[in-house]
Amino acid sequence: GAVVSQHPSWVICKSGTSVKIECRSLDFQATTMFWYRQFPKQSLMLMATSNEGSKATYEQGVEKDKFLINHASLTLSTLTVTSAHPEDSSFYICSAGGGRGVTDTQYFGPGTRLTVL
Amino acid sequence: RKEVEQDPGPFNVPEGATVAFNCTYSNSASQSFFWYRQDCRKEPKLLMSVYSSGNEDGRFTAQLNRASQYISLLIRDSKLSDSATYLCVVTRSNDYKLSFGAGTTVTVRA
């Protein structure tokens, strides 16, 4: 159990385009999902916390208008990178809690590798 | 100062060897501690939680020293499959969200 999927697994796009990444909890409901970004040889950095039915909470320094998060159901959260630029190229990983909120064990998706040309 | 700091390594060890490494965390109010394993270009996977009394899971032993604010991981009888990056993870004291270290790379050679 506790499987989280992400789609797509990798994407290459031109500068200026928008990219949507989906995160799904396959066998459990997740009221809270988290979006992380990881640059090469660096740690995972939390970008935002996605709350089902309400607005996402963004970490300091993360532009909410650039990284749009929607958590419309208990099993799906989406991250849209708007007007992507080469510096947005990174490994984006989502995780989902088991339903009791932020203190729950987090299960990670397989990640999405974004390359912006 | 980073919330979680780790020696990046790499630690290159022969099969069967014991390897150990630490991480330090900056916030003394942190409550929960974990070691995750991350293989190249993959997502992190929980290896084990770390408890104050120390805990063991097979060949892996984790220790927590709250006074000195460091966590250790020891791998005994290393296998080739242990080659990975090990991430030290600490929950933030104010909201219990996860702070990740940059990882310690371990390479086990035949």
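Tabulated data
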item	result
Qualifying position, being in contact with a Lys or Arg (Cβ under 8 Å, 6 or more places away or on another chain) and without any contact (Cβ under 8 Å) to a residue 24 or more places away in the chain, among A:Tyr58, A:Tyr92	A:Tyr58
Any hit, the stretch A:70-84, residues being out of contact with any helix residue (DSSP H, G or I) (no Cβ under 8 Å at 6 or more places or on another chain), of a type in the set (Ser, Thr, Tyr) and within 11 Å of chain B (Cβ to nearest Cβ)	no
Boolean, B:Ser72 is of a type in the set (Ser, Thr, Tyr), at pLDDT below 90 and touching a strand residue (DSSP E or B) at 6+ places or on another chain (Cβ under 9 Å)	no
Number of positions in the stretch B:1-58 that are under 20 Å from A:Gln106 (Cβ atoms), in a strand (DSSP E or B) and not β-branched (Val, Ile, Thr)	17
Selection count, the stretch A:35-68, where residues are outside any strand (DSSP E or B), of a type in the set (S, T, N, Q) and within 16 Å of B:Val89 (Cβ to Cβ)	2
Those residues of the stretch A:1-33 which are over 25 Å from A:Pro86 (Cβ atoms) and in a strand (DSSP E or B), in sequence order	A:Val4, A:Ser5, A:Arg24, A:Ser25, A:Thr32, A:Met33
Selected residue (only one of A:Leu79, A:Leu44, A:Leu68, A:Leu74 is farther than 20 Å from B:Val4 by Cα and buried (at least 19 other Cβ atoms within 10 Å of the Cβ))	A:Leu79
Qualifying residue in the stretch B:28-36 (condition: at pLDDT 95 or above and aliphatic (A, V, I, L, M))	no
Number of the exception - B:Gly58 against (1) at positive phi; (2) in contact with an Asp or Glu (Cβ under 9 Å, 6 or more places away or on another chain); (3) without any contact (Cβ under 8 Å) to a residue 60 or more places away in the chain	(2)
Neighbours by Cβ (under 6 Å, 6+ apart or cross-chain): first from the stretch B:80-102, more than 11 Å from chain A (Cβ to nearest Cβ); second basic (Lys, Arg)	B:Ala84/B:Arg37; B:Tyr86/B:Arg37
Long-range neighbours under 7 Å by Cβ, at least six apart or interchain, first residue closer than 15 Å to A:Gly111 by Cα and facing chain B (nearest Cβ under 7 Å) within the stretch A:40-51, second polar (S, T, N, Q) and in a loop (DSSP other than H, G, I, E, B)	none
Subset of the stretch A:85-105 that is modelled with pLDDT of 95 or more and more than 15 Å from the chain's Cα centre (by Cα) - its residue that is nearest to B:Ser99 (Cα to Cα)	A:Glu87
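The values are calculated or read from the model by the stated rules, or taken from the named source; none is laboratory data. This one's a predicted model, so the numbers in the text were calculated from it and none came from an experiment. FYI the Cβ positions are ideal-geometry reconstructions off the backbone, even for glycines, and counts take in every protein chain you see.
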